[in-house]
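The values are calculated or read from the model by the stated rules, or taken from the named source; none is laboratory data. This one's a predicted model, so the numbers in the text were calculated from it and none came from an experiment. Here the Cβ is made from the backbone with ideal geometry for all residues, glycine too, and neighbour counts use every protein chain on show. In case anyone asks, the SASA skips ligands and DNA or RNA and just uses the protein heavy atoms, side chains included. Shrake-Rupley method; radii C 1.70, N 1.55, O 1.52, S 1.80 Å.
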Amino acid sequence: MAAETSTEVPKTARQFVLKEEVIVERKWLKLEETTYTDPFGKTRTWETVKRTSNKKGISADGVAVIAVLQRTLHYDCVVLVKQFRPPINSYCLEFPAGLIEENETAESAALRELEEETGYKGEVVECTPALCLDPGLSNSTTHIVSVTINGDEAENTRPKQKLDDGEFVEVISLPKNDLLQRIDELIAEEHIAVDARVYTYALALKRAAEKPLQVPFMKF
């Protein structure tokens, strides 16, 4: 009989970073070679991307805003943005998002970015802890901030964006109760990319609305 082999990750030593060396640095990003130890204590290296900014008094690099537009006699809509992303050579559907300014709270940053990118003014409902975005590539972190927008208020009936120079953002509002299907239609029709957080949120909404699986009663 063949001997069984274990694929379980050994837990003989705690892993940690030994040193970080900059390979190349530009205005916004830098590439580093990170030297760390594996569970056996062996030294290994990893290529890591980091932001060059070193802001004080911030809890994460940025925020992403799940903004729900609520209006009388209308379905609730999720406010999204579409913009061209050079790294993927495609337009991408995303949550309104941006970097946190020095000594700015995540909640304040979320409301500011929402107004700048969409023109809407909202109210924060909840804010997550700092979350990793792509830990296999970067140490970048973000808060996911849930916001409600009162679409009946005068300031939100004709919202005006406050975009910075070089920002080109299209606002797209989709029904919350049919979000996944509407996103799939946009993918098929416009061949756009979709941020993983947006699609995961839409998928979760659909799964939450489904009836639980009915398990047949079994007699013993």
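Candidates are the residues of the range 64-79 that are of a type in the set (A, V, I, L, M) and open to solvent by 10 Å² or more (accessible area, probe 1.4 Å); the one that is farthest from SER146 (Cα to Cα) is LEU73.
Per-residue answers, yes or no, for (1) over 29 Å from LEU205 (Cβ atoms); (2) modelled with pLDDT of 95 or more; (3) open to solvent by 80 Å² or more (accessible area, probe 1.4 Å); (4) out of contact with any Phe, Trp or Tyr (no Cβ under 6 Å at 6 or more places or on another chain):
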site: GLU4; (1), (2), (3), (4): yes, no, yes, yes
site: LYS19; (1), (2), (3), (4): yes, yes, yes, yes
site: ILE23; (1), (2), (3), (4): yes, yes, yes, yes
site: TYR36; (1), (2), (3), (4): yes, yes, no, yes
site: TRP46; (1), (2), (3), (4): yes, yes, yes, yes
site: GLY62; (1), (2), (3), (4): no, yes, no, yes
site: TYR91; (1), (2), (3), (4): no, yes, yes, no
site: ALA97; (1), (2), (3), (4): no, yes, no, yes
site: SER108; (1), (2), (3), (4): no, yes, no, yes
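Counting only strands (runs of 3 or more DSSP E) that fall entirely inside the range 110-204 and contain at least 3 residues that are under 17 Å from the mean Cα position of the chain (by Cα) and within 14 Å of ALA67 (Cα to Cα), the qualifying elements are 123-127, 141-150. All but one of (1) touching a strand residue (DSSP E or B) at 6+ places or on another chain (Cβ under 6 Å); (2) open to solvent by less than 60 Å² (accessible area, probe 1.4 Å) hold for GLU115; state the number of the condition that does not hold. Of the numbered conditions (1) touching a strand residue (DSSP E or B) at 6+ places or on another chain (Cβ under 6 Å); (2) open to solvent by less than 60 Å² (accessible area, probe 1.4 Å), the odd one out for GLU115 is (1). Taking ASN156 as the residue in question, decide whether it is modelled with pLDDT of 95 or more and either surrounded by 16 or more Cβ atoms within 10 Å (Cβ to Cβ) or under 20 Å from SER90 (Cβ atoms) (or both). Against the criterion (modelled with pLDDT of 95 or more and either surrounded by 16 or more Cβ atoms within 10 Å (Cβ to Cβ) or under 20 Å from SER90 (Cβ atoms) (or both)), ASN156 qualifies. Of note, GLY122 satisfies the criterion of being more than 24 Å from LEU29 (Cβ to Cβ) and of a type in the set (Gly, Ala, Ser).
Note on the range 169-211: residues that are open to solvent by 70 Å² or more (accessible area, probe 1.4 Å), within 23 Å of ARG85 (Cβ to Cβ) and touching a residue at least 24 places away in the same chain (Cβ under 8 Å) amount to 4.
If the condition is being assigned to a strand (DSSP E or B), open to solvent by 50 Å² or more (accessible area, probe 1.4 Å), of a type outside the set (A, V, I, L, M) and out of contact with any Leu (no Cβ under 9 Å at 6 or more places or on another chain), then the range 25-34 contributes only GLU33.
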